[in-house]
Amino acid sequence: MLANAPAPGNGMRSSSIIHPRAGNDFPSFTPGTRVTINVLKPGERTAPRRSNCNQIEVCISGQGRISAENELYAELHDVWTIPPMTVYSRHNDSNSLWVWLSYANTPLLEKLGVLFEEEGGDIGSQESEHEPVAEQALALFDQAHAPDLPIGNLGARLRGYEYLTDISVVESKALLWPWKEVAPHMNLKAGDNGRNIWLLYNPATGKRQGTSASYFATYGGTPPGGPQFTGARGHRHISASINYHTRGSGRSVVNGECVEWKGGDLLYSAPGWSEHAHYWSEEGWTVITVQDHPMHIAMGSLLWQENMNGPIYALGLEPGQKGYVGPRKVGE
């Protein structure tokens, strides 16, 4: 077991969950997402580290503390983010094992050859080394003083290089969604009037509707005895989808292939542009879903088809799907 393995030098016991069809060059769970299961024993902590990857994490057992710009205290089913280039460490101050899943876009950065990672006690503390620049030059050559000229009559513009290197900052800090605050809005037991799907939204992502810059995370499900999906067809989208089931059981049909699942299972529930439908049992289900939806919105590549006989929408580029408050409706 991972918990019984000796602690490595950085204190992080971690194991990647690899898709059986992943290539040897970039082993990962999906082509763009690495999913790892991580363990800290009571009293243990990890070395400080930072990376330029996006990370969403969810506690699946125990509790622990994440030290980033602020202190995040995570318990069972809590979700949190670690933004790129944030120095962070993890601490298990409890008397039991702390176990969590991490979702990160490291495979994509590795494929591009641009993954940046460092760890150790002195990261983030080094002074920048650069040649002195005259105060006058700093005042003149920043975005506020850069040229921004109209070109043609259709809205094109010509801008100075400063716009590329002095980009306006949108604050993105580590955030926590405590399950105890999310759960009252969910459909967890008979008689609940909550919605059956909620986005864990990070305002720093703007129109990308993300939990992090690259991913959204949603909590969804239905209570025991709640309405079940009975339709013959599913839906599809460009974004790749990963489901972690915290409760219930059922089956998913992905590109015609049936996969059985139960609470505690991790499912690659929708490779990009694959038709998929989820059929839960009478006991209901609760699921956390992670998709690289915001990344595709940023690239303008996010296509979505809710009804397989209906239109294909380019989300973020045109008016999108209307009339749904969850991923599917009973009987459709």
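Just so it is clear, none of the values below were taken in a lab; they were calculated from the coordinates. This is a predicted model, so every value here is computed, not measured. Positions of Cβ are generated from backbone atoms using ideal geometry, with glycine treated the same way; all protein chains shown enter the neighbour counts.
Mind running the shape call on region 178-314? Use the C-alpha gyration tensor, a ≥ b ≥ c as the square roots of the eigenvalues: rounded below 1.5 for a/c, prolate if a/b tops b/c, oblate otherwise. It is oblate, given that a/c is not under 1.5 and a/b is not larger than b/c. Paramagnetic label reach from E71 (point 7 Å along Cα→Cβ; backbone nitrogen cut-off under 20 Å): within region 23-59, residues 40-49, 59. For a straight C-alpha distance cut-off of 29 angstrom, the lysines reachable from K111 (same-chain residues fewer than eight places away being disregarded) are K173, K207.
Close amide-amide hydrogen proximity is noted between W285 and T222, each under 5 Å apart and 5 or more residues distant or on a separate chain (H modeled in the peptide plane; Pro and chain starts excluded).
Once the Cα-Cα distance is subtracted from the 0.36 nm per residue extended length, the A5 to F116 segment shows a gain of 37.3 nm. The slack in the chain from I123 to R233, taken as 0.36 nm per residue of separation less the alpha-carbon distance, amounts to 34.5 nm.
Put a dot 7 Å past the Cα of K41, heading toward its Cβ, do the same for K189, and the two dots end up 3.8 nm apart. What is the calculated FRET efficiency for A144 to M85, with r their C-beta to C-beta distance and R₀ = 30 Å, to the nearest 0.05? So, using R0 = 30 Å, E works out to roughly 0.80.
Set the Förster distance to 30 Å, then compute FRET efficiency between E275 and S301 from the Cβ-Cβ distance, nearest 0.05. My answer for the efficiency is 0.95. Among 27-40, 221-234, 181-194, the peptide with the highest mean count of other Cβ atoms within 10 Å heads the list, and the full ranking is 27-40, 221-234, 181-194. Here region 66-105 is scanned for amide nitrogen atoms under 19 Å from the site 7 Å beyond the Cα of E283 along Cα-to-Cβ, giving 77. Taking every DSSP helix (H) stretch of at least 4 residues in the chain, weighting each as -39,500 (n - 2.57) and dividing the sum by the residue count yields a mean residue ellipticity at 222 nm of -2000 deg cm²/dmol. Looking at region 178-314, send over the antiparallel percent of its DSSP beta bridges, to the nearest 5. The antiparallel proportion sits near 95 percent. Between the amide H of M85 and those of S51, N52, C53, distances stay under 5 Å, these residues lying 5 or more places away or on another chain, with hydrogens modeled in the peptide plane. The overall shape of the chain, judged from the alpha-carbon gyration tensor, is oblate: a/c is not under 1.5, and a/b is no greater than b/c. In this simple spin-label model, placing a label point 7 Å from the Cα along the Cα-to-Cβ direction at both S61 and T165 gives a separation of 5.1 nm. Full extension of the segment from L154 to Q321, taken as 0.36 nm per residue of separation minus the current Cα-Cα distance, would add 57.2 nm.
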